[in-house]
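Below you'll find the structure, written out as structure tokens, and then a few comments.
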Amino acid sequence: MAEDSAGLPSNYQFWMQKLSVWTQASTLETQRDICLHLPQFQEFLRRMYETLKEMDSNAIIERFPTICQLLAKSCWSPFILAYDESPKILIWCLCCLIKKDPQNSRESKLNSWTRRLLSHIVSTSRFDIKEVGLFNQVLGYAPTDYYPGLLKNMVLSLVSELRENHLNGFSSQRRMSPERVRSLSRICVPLLTLPDFEPLVEALLTYHGHEPQEVLCPEFFDAVNEAFLLKKISLPTSAILCLWLRHLPSLENTMLHLLEKLISSERNSLRRIKCFMKDSLLPEAAACHPAIFRVVDEIFRSALLETDGAPEVLAGLQVFTRCFVEALEKENKQLKFALKTYFPYASPALVMVLLQHPKDIPQGLWHQSLKHISEMLKEIVEDHGSYGGPFESWFLFVHFGGWADITAEQLLMSEAEAEPPEALLWLLAFSCSPGAGHQQRARTMVEVKTVLGCLTKLFRSPALSARDLQAAAGENLGGDPRPPACQQLVRRLLLHFLLWAPGGHTIAREVITLMAQTDAIMNEIIGFLDYTLYRWDHLCVEAHRSRKLARELLTELREQALPGQVNQ
């Protein structure tokens, strides 16, 4: 074999041995091995063509007598013919064997043999009509276009059979056996990205037999989910829903893929995160079935715990929840599932209040809604209610993060002489530090109450300075010794003040420069401004001056960030 392969790629002998093994057995292991090696084999064919195209057919056969065996075995492998550009490259290689003017019976037989293989490839592979026409002169006749009648009819026939099988139920006479369904799913693995196979992939995913065990092979689920994540296949949401309900690892991998997008690059804007969410189909699928929602929710919960509440993960959770609620309103017009099935361990009354979008509540009643939320949370957290501990209550609350910001805005814009409501102070303190004990939360409430007292007095002041805000904050803005959670809460109050106070716009840049002493705080401020604009869009807030300032500040701060960290 060594002399046969002279002039061809060095691994010619390796592929000859592989093809011999592949054509002699059709076991699951063999099919896996073929699928694993398809990319490398295509590259081998491409390099082989580069060698053959420089020679005429007689020279090829004389020097490489086994070339016909290699090409024939390749042409009769459905896996190779279904993979990427392999059929085209095989045709190129076969065309090198055609003798335009055969001089003897040997050359004529080689031409006939080659034409049969070329016709086989063209009739079983997907080519554009123009591409098929390129081979007319070489073949000596126009090849029959079997593709529409063969492949499409085969796929449609199998789809019909699967649907009839589902409708026939236990009628054993017309049922497709579980073994055949499983084999069909395995055969689809290397073919599922071909557009004409999409109806069969969808039919398999939505097929429901009556067997106690899953009949589709795990490799099929994995391949479909990977193709979906890489946007190599287009399937309806109903099919993706079936995929995730039938194969938990696919749902988990989709969530991990989403989380990687959220945390792989800093400063993703909320609009970009919303695009990630919508592309993932997770909110829509979660609205369709509570089981999917609970898996997604649990993964977000674990991610928040493992990352110590990373802002990227928290933003992802809040955008997911917003998209989920929008999809739920469309999906559950007839209330297919009770809300309790989505939040089985939460207080139904609290869930109902949190699910209400603030824009659907008159602004004059926001204070009342916040007070109600605070009272219910406080009862669960401090009076040891029956709906989980502090973290579980906080986790439910931060799904709907806008309520915490509305709390801060309501407190800031209240009358200067009015005493800040205890319920709203408690809600603000709890939102920033759910793990704090009763005494620590009480101290935070005192700190916040003091800062608010100063800020509300300054709110209507026509002339402000950064020094005024430093004094109002009670300590140096660049490095106060308060607990980190309390520091963050005070910074958020100051940012709200800068956006809403008439005199805050003139000193906003100076105050933010004093605050943003570290990259972490800079990220925090960018995240705050981005979420505020996102929240105002959903609330239809018409504060034009505040919107303009927030956008300008967000643009300027992003420009100051490292170029590789900016993702708008």
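Would you say residue 382 is without any contact (Cβ under 8 Å) to a residue 24 or more places away in the chain, open to solvent by 10 Å² or more (accessible area, probe 1.4 Å) and over 21 Å from residue 325 (Cα atoms)? No.
Among the conditions (1) open to solvent by 20 Å² or more (accessible area, probe 1.4 Å); (2) under 24 Å from residue 515 (Cα atoms), residue 425 misses just one, which is (1).
With respect to (1) at pLDDT 80 or above; (2) closer than 19 Å to residue 81 by Cα; (3) not aromatic (Phe, Trp, Tyr), the lone exception for residue 148 is condition (1).
For residue 398, the stated conditions do not hold, so it cannot be described as without any contact (Cβ under 8 Å) to a residue 60 or more places away in the chain and among the aliphatic types (A, V, I, L, M). Of the conditions (1) at pLDDT 85 or above; (2) assigned to a helix (DSSP H, G or I); (3) open to solvent by 20 Å² or more (accessible area, probe 1.4 Å), residue 55 satisfies every one except a single condition; which number is it? Residue 55 satisfies every listed condition except (2).
Look at segment 543-565: where a residue is modelled with pLDDT under 75 and a partner is open to solvent by 40 Å² or more (accessible area, probe 1.4 Å) and part of a helix (DSSP H, G or I), sitting 6+ places away or on another chain with Cβ atoms under 8 Å, you get 543/500.
Look at residue 228 and say whether it is aromatic (Phe, Trp, Tyr) and either open to solvent by 10 Å² or more (accessible area, probe 1.4 Å) or assigned to a loop (DSSP other than H, G, I, E, B) (or both). Here the answer is yes, as residue 228 does meet what is asked. Considering only residues of segment 337-356 that are open to solvent by 40 Å² or more (accessible area, probe 1.4 Å) and free of Cβ contacts under 8 Å to residues at least 40 places away in the same chain, which is farthest from the chain's Cα centre (by Cα)? Result: 349. Close contacts from segment 322-336, counting a first residue that is outside any loop (DSSP other than H, G, I, E, B) and a second that is modelled with pLDDT under 85 and surrounded by fewer than 15 Cβ atoms within 10 Å (Cβ to Cβ), with Cβ to Cβ under 6 Å and a gap of 6+ residues or different chains, come to none at all.
Have a look at 103, 24 and point out the one that is out of contact with any helix residue (DSSP H, G or I) (no Cβ under 7 Å at 6 or more places or on another chain), within 19 Å of residue 187 (Cα to Cα) and outside the structural domain of residue 195 (by the TED database). Show your work before the answer.
Values: 103 fails: within 19 Å of residue 187 (Cα to Cα).
Being out of contact with any helix residue (DSSP H, G or I) (no Cβ under 7 Å at 6 or more places or on another chain), within 19 Å of residue 187 (Cα to Cα) and outside the structural domain of residue 195 (by the TED database) holds for just one of 103, 24, which is 24.
A single entry from 390, 362 fulfils the requirement of being farther than 29 Å from residue 308 by Cβ and open to solvent by 10 Å² or more (accessible area, probe 1.4 Å): 362. Residues in segment 285-302 that are crowded, with 22+ Cβ neighbours inside 10 Å and among the small types (Gly, Ala, Ser): 285, 286, 287.
Report yes if some residue within segment 63-70 is within 26 Å of residue 187 (Cβ to Cβ) and open to solvent by 40 Å² or more (accessible area, probe 1.4 Å); otherwise report no. Explain how you work it out, then say what you get.
Of the residues in segment 63-70, the ones within 26 Å of residue 187 (Cβ to Cβ) are 69-70.
Narrowing the set further to residues that are open to solvent by 40 Å² or more (accessible area, probe 1.4 Å) leaves 69.
Yes.
Given 234, 250, which one is at pLDDT 95 or above, farther than 30 Å from residue 533 by Cβ and under 15 Å from the mean Cα position of the chain (by Cα)?
Numbers: 234 fails: at pLDDT 95 or above.
Of 234, 250, the one residue that is at pLDDT 95 or above, farther than 30 Å from residue 533 by Cβ and under 15 Å from the mean Cα position of the chain (by Cα) is 250.
Residue pairs whose Cβ atoms lie under 6 Å apart, sitting 6 or more positions apart in sequence or on different chains, and linking a residue in segment 177-206 that is buried (at least 18 other Cβ atoms within 10 Å of the Cβ) to a partner that is among the polar types (S, T, N, Q), are 204/185.
Go through segment 306-330 and give me each residue that's open to solvent by 40 Å² or more (accessible area, probe 1.4 Å) and touching a helix residue (DSSP H, G or I) at 6+ places or on another chain (Cβ under 8 Å). Don't jump to the end; show me each part of the working.
Restricting attention to segment 306-330, the residues satisfying the condition of being open to solvent by 40 Å² or more (accessible area, probe 1.4 Å) are 306-308, 311-312, 314, 322, 326, 329-330.
Across segment 306-330, the qualifying residues are 307, 311, 312, 314, 322, 326, 330.
Could you tell me whether any residue of segment 306-315 is at pLDDT 90 or above and among the charged types (D, E, K, R)? Within segment 306-315 (the criterion being at pLDDT 90 or above and among the charged types (D, E, K, R)), the answer is yes, since at least one residue qualifies.
Hey, can you tell me all the residues within segment 338-375 that are basic (Lys, Arg) and farther than 17 Å from residue 427 by Cα? Don't jump to the end; show me each part of the working.
Let us first name the residues in segment 338-375 that are basic (Lys, Arg), namely 340, 359, 371.
Answer for segment 338-375, where residues must be basic (Lys, Arg) and farther than 17 Å from residue 427 by Cα: 340, 359.
The residues of segment 71-83 that are within 17 Å of residue 31 (Cβ to Cβ) and open to solvent by 10 Å² or more (accessible area, probe 1.4 Å), listed by number, are 73, 76, 77, 78, 79, 81, 82, 83.
The values are calculated or read from the model by the stated rules, or taken from the named source; none is laboratory data. Keep in mind it's a predicted model, so treat the numbers as computed, not measured. Note that we place each Cβ from the backbone using ideal geometry, even for glycine, and neighbour counts take in every protein chain shown. These accessible areas exclude ligands, DNA and RNA; they are computed on the full protein's heavy atoms, side chains included. Shrake-Rupley method; radii C 1.70, N 1.55, O 1.52, S 1.80 Å.
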